[in-house]
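The block underneath contains the structure these notes are about, expressed in structure tokens.
The values are calculated or read from the model by the stated rules, or taken from the named source; none is laboratory data. Just so it is clear, the model here is predicted, and its values are computed rather than measured. Quick reminder, even Gly has a Cβ in these numbers, built from the backbone with ideal geometry, and neighbours come from all protein chains shown.
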Amino acid sequence: MSNRKPIIAANWKMNQTPTEAKAFLEDFLPRFPEETAVDIVIAPSFLSMPMAAAQIVPSKSVALSAQNMSPEASGAFTGEVSAAMLKEVGTSYVILGHSERRSLFGEDDAIINAKVKAALANGFTPILCIGETLEEREGGKLEEVLKSQIQGSLADVSAEQMVNVVIAYEPVWAIGTGVTASPEQAQEAHAFVRGLLKETYNDDVAAATRIQYGGSAKPENAAELIALEDIDGFLVGGAALVSESFAAIVQAGIDQVS
Ligand code: 13P
């Protein structure tokens with residue numbers, strides 16, 4: 001077993017109004033009142049963040065994440081949210097490069113790279129998402145896609161800065177589909193990504209970087225996946241919208257390390 005601390009994150013996407021976020025957290029936070037053996041992260045929508053922060057930030061056991069961030073510091077960027085705004089509400093993490101941002105909002109590795117660098121410069125931990133489409137996988141392009149996403153999104157990020165980067169491997173075909181990558185598929189991709197980190201950086205970065213799995217992660221498959229050598233947690237969408245089911249996934253992480 002590795003000594004990487006598991007990290008289990010909820011990506012609420014465009015779900016949970018401020019009122020719904022509050023109700024979720026009132027149920028969820030008392031389940032893990034102390035610091036836990038895993039890092040727990042919740043990423044509400046921007047609008048729900050201040051409400052969520054009021055409960056999350058004093059909780060100690062859970063950290064607050066954004067789902068996106070502008071690479072710009074401030075100015076005429078209608079509809080964007082800056083690092084300073086996120087900092088003020090107590091944000092620790094920022095999800096960047098999610099496949100929905102890539103496919104629906106036209107984000108490429110260059111934009112994602114600018115955001116990763118801005119997040120690091122502002123003291124946030126980016127959760128950098130990568131992953132292939134079904135077409136790419138079936139076309140034998142899995143490794144090529146992961147390599148170009150890792151190298152493009154992390155361009156000019158130093159080995160020292162990698163201490164503060166989390167990677168989420170999210171095969172696009174498994175997101176929101178109910179189809180989870182098999183343990184073999186997930187472990188193989190994670191091991192490949194870890195190999196890329198070794199090639200791009202060094203052994204220490206490869207050994208220390210946490211790589212989450214995302215894509216129909218749920219209570220029923222969490223224990224099996226987190227037991228695998230190179231899987232260090234989850235980035236959870238649908239199953240993180242219900243307190244009880246997200247708590248069960250967190251518990252699978254705790255059980256794995258205890
Ligand atoms: P689902 O868990 O709903 O498949 O979503 C995964 C995801 O995209 C998390 O970022």
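Of the residues making up the range 225-241, not one is without any contact (Cβ under 8 Å) to a residue 40 or more places away in the chain, more than 12 Å from the ligand (Cβ to nearest atom) and either under 18 Å from G176 (Cα atoms) or assigned to a helix (DSSP H, G or I) (or both). Residue check: S99 meets all listed conditions (1) in contact with a Ser or Thr (Cβ under 7 Å, 6 or more places away or on another chain); (2) within 18 Å of A9 (Cα to Cα) but one, namely (1). Against the conditions (1) in contact (Cβ under 8 Å) with a residue 40 or more places away in the chain; (2) touching a Phe, Trp or Tyr at 6+ places or on another chain (Cβ under 9 Å); (3) surrounded by fewer than 18 Cβ atoms within 10 Å (Cβ to Cβ), A110 satisfies every one except (2).
Filter the range 80-107 down to residues that are away from the ligand (no atom under 16 Å from the Cβ) and either buried (at least 19 other Cβ atoms within 10 Å of the Cβ) or closer than 24 Å to S61 by Cβ (or both), then give me how many there are.
Of the residues in the range 80-107, 8 are away from the ligand (no atom under 16 Å from the Cβ) and either buried (at least 19 other Cβ atoms within 10 Å of the Cβ) or closer than 24 Å to S61 by Cβ (or both).
So that you can scan it fast, the table gives a plain yes or no per residue for (1) of a type in the set (G, A, S); (2) on the phi > 0 side of the Ramachandran plot; (3) in contact (Cβ under 8 Å) with a residue 24 or more places away in the chain:
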site	(1), (2), (3)
N122	no, no, yes
C129	no, no, yes
L134	no, no, yes
G139	yes, no, no
L142	no, no, yes
A155	yes, no, yes
E160	no, no, no
W173	no, no, yes
G176	yes, yes, yes
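For residues that are hydrophobic (A, V, I, L, M, F, W, C) and buried (at least 24 other Cβ atoms within 10 Å of the Cβ), scanning just the range 212-224, find the one that is farthest from the ligand (Cβ to nearest atom). Once the filter is applied, the top-ranked residue is A222. Evaluating V116 against the criteria (1) more than 14 Å from the ligand (Cβ to nearest atom); (2) assigned to a strand (DSSP E or B) leaves one unmet condition, (2).
Residues are listed down the side, and each one gets a yes or a no for (1) part of a helix (DSSP H, G or I); (2) closer than 16 Å to N113 by Cα; (3) out of contact with any Lys or Arg (no Cβ under 9 Å at 6 or more places or on another chain):
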position	(1), (2), (3)
E144	yes, no, yes
S148	yes, yes, yes
S158	no, yes, yes
I167	no, yes, no
V179	no, no, yes
E184	yes, no, yes
A189	yes, no, yes
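Filtered by the rule that a residue be under 17 Å from E72 (Cα atoms) and under 16 Å from the mean Cα position of the chain (by Cα), the range 102-116 gives I112, N113, K115, V116.
In the range 57-79, the qualifying residues are those that are touching a Pro at 6+ places or on another chain (Cβ under 9 Å) and modelled with pLDDT of 95 or more, and the one that is nearest to the ligand (Cβ to nearest atom) is Q67.
Take the range 43-81 and flag every residue that is of a type in the set (S, T, N, Q) and over 16 Å from I111 (Cα atoms).
Taking the range 43-81 as the starting set, the residues that turn out to be of a type in the set (S, T, N, Q) are 45, 48, 55, 59, 61, 65, 67-68, 70, 74, 78.
Passing the criteria: S45, S48, Q55, S59, S61, S65, S74, T78.
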